[in-house]
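Colleague: To start, I am sharing the structure in question, which I have written as structure tokens.
Please treat every number below as a calculation from the coordinates, not as lab data. Predicted model only: the values in this text are computed from it and were never measured. Here the Cβ positions follow ideal geometry from the backbone for every residue, glycine too, while neighbour counts run over all protein chains shown.
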Amino acid sequence: MIADFTRLRGYDPHPWLPVLAGHVVESAQASDQFLWDLRKTIADLTATEHYGQLEATLHERGMGHYGESHESGRALIADGMEVKKYNEVPMSAMWVQAPGVNRELYGYDADDRESASVAHIYGQNLAAAESMTARINSAWMWSPATLKPTADQELVNGINRFVIHESAHQPLVDKARD
């Protein structure tokens, strides 16, 4: 990672490593800049060396993939747009709410819009979402009419492909799967 940091940020991080233990090097502002550069390096390497490598490996085998890198409230050590650009179909997630309720879900809406933005910026024609996922204790109380507000919101957010989560189709929750 030291070599990658030097290549990406243009300087040797060795003199700055005490900052990771809480020490100030040169000044608070300079130390904060190093921390910013370190976090940016981690984000860049996550995008290229994980998501980018996965994409390259799949392409070598004649495969593509959908990528749901994160969703509302999930920690991600990278930039969502940077990692989603390595997918044939950038993907987000949208959970249903109570039947008949469709209030603003800022994190999920942002995830949808981020996927749609990646699709537009990088010339892809599909933006997908894990759609209409329901909690297990309410998974069988939904009808098309009560799911429609969630689907409508996804369309407004730029999603044009619904991916139905498989757990919504598993009625035998107390049985072992084959």
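Colleague: Kindly establish whether TYR51 is of a type in the set (Phe, Trp, Tyr) and within 30 Å of TRP95 (Cβ to Cβ).
Modeller: In short, yes.
Colleague: Go through the range 49-70 and count every residue that is touching a residue at least 24 places away in the same chain (Cβ under 8 Å) and touching a Phe, Trp or Tyr at 6+ places or on another chain (Cβ under 8 Å).
Modeller: Qualifying residue count for the region: 5.
Colleague: Have a look at ASP12, ASP44, ASP4 and point out the one that is under 16 Å from ALA78 (Cα atoms) and over 18 Å from the mean Cα position of the chain (by Cα).
Modeller: ASP4 is the lone residue from the list that is under 16 Å from ALA78 (Cα atoms) and over 18 Å from the mean Cα position of the chain (by Cα).
Colleague: Wholly within the range 18-106, which helices (runs of 4 or more DSSP H) include no fewer than the required count, namely at least 2 residues that are loosely packed, with under 12 Cβ neighbours inside 10 Å and β-branched (Val, Ile, Thr)?
Modeller: So the answer is none; nothing clears 2.
Colleague: Additional query: For the range 49-99, which residues satisfy the criterion of being within 26 Å of ARG135 (Cα to Cα) and of a type in the set (Ser, Thr, Tyr)?
Modeller: TYR66, SER69, SER72, SER92
Colleague: Also, quick follow-up: Can you report the number of residues in the range 107-157 which are among the polar types (S, T, N, Q) and surrounded by fewer than 16 Cβ atoms within 10 Å (Cβ to Cβ)?
Modeller: Matching residues across the range 107-157 total 4.
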